[in-house]
1. Select from the stretch 111-150 the residues that are surrounded by 12 or more Cβ atoms within 10 Å (Cβ to Cβ), free of Cβ contacts under 8 Å to residues at least 24 places away in the same chain and of a type outside the set (Lys, Arg) and list them in ascending order.
2. Check whether at least one residue in the stretch 65-77 is under 13 Å from the mean Cα position of the chain (by Cα) and modelled with pLDDT of 85 or more, and report yes or no.
3. Filter the stretch 99-150 for residues that are over 19 Å from Leu62 (Cβ atoms) and assigned to a loop (DSSP other than H, G, I, E, B) and give the result.
4. Of these, Ala49, Ala55, Ala31, Ala22, which one is over 17 Å from Ala146 (Cβ atoms), assigned to a loop (DSSP other than H, G, I, E, B) and either modelled with pLDDT of 85 or more or in contact with a strand residue (DSSP E or B) (Cβ under 8 Å, 6 or more places away or on another chain) (or both)?
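The values are calculated or read from the model by the stated rules, or taken from the named source; none is laboratory data. In this text the structure is predicted, and so the values were computed from the model without any measurement. Neighbour counts are summed over all protein chains in view; Cβ atoms, including those assigned to glycine, are modelled from backbone coordinates with ideal geometry.
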Amino acid sequence: MIRPLRATLASLAFAGIALTSACTVPEPTHANASLEIDMFSGWQKPSAALDPEAADELIAYLDIRGKHSASTVGIKLPTGFRGLVVTPDETSSETTTIRVLPRVIYVTDSIGTVRIPDATGTAFDIVWQGARSSFDADVVEAVDTAQAEG
């Protein structure tokens, strides 16, 4: 059974980020998450609510992947498409963000960033399929193209 976003994000703090003993992930105050597409420089970034089941699936996936392959790094983003940015809805100023690119995931909090490789693109597929229908056709086409270019 997939755990709620709140519980799985808290476990990610211990499973993934806490591997470095340098970062902690604040527990979210709500079970929902938003998604922003970081692509259009100088434009307002398209955003929508992430399907709660997709959010739970993403966090469960990160919980497993983080235990085996997380490393602390700075974020090196490409130009153009810079990922799907998932943010658990929180009132805290220490918001955790999960930046999902086609082959890598970055989990960031106020302390630092953890990089989790994802060669199969599973996390990207989970997030994109959980939000794709919320965006206009031109945005969907741009993200699909960026995913194909990987």
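1. If the condition is that a residue be surrounded by 12 or more Cβ atoms within 10 Å (Cβ to Cβ), free of Cβ contacts under 8 Å to residues at least 24 places away in the same chain and of a type outside the set (Lys, Arg), then Asp125, Val140, Asp144 are the ones that fit.
2. Among the residues of the stretch 65-77, not one is under 13 Å from the mean Cα position of the chain (by Cα) and modelled with pLDDT of 85 or more, which makes the answer no.
3. Scanning the stretch 99-150 gives Phe135, Asp136, Gly150.
4. Result: Ala22 is the single residue among Ala49, Ala55, Ala31, Ala22 that is over 17 Å from Ala146 (Cβ atoms), assigned to a loop (DSSP other than H, G, I, E, B) and either modelled with pLDDT of 85 or more or in contact with a strand residue (DSSP E or B) (Cβ under 8 Å, 6 or more places away or on another chain) (or both).
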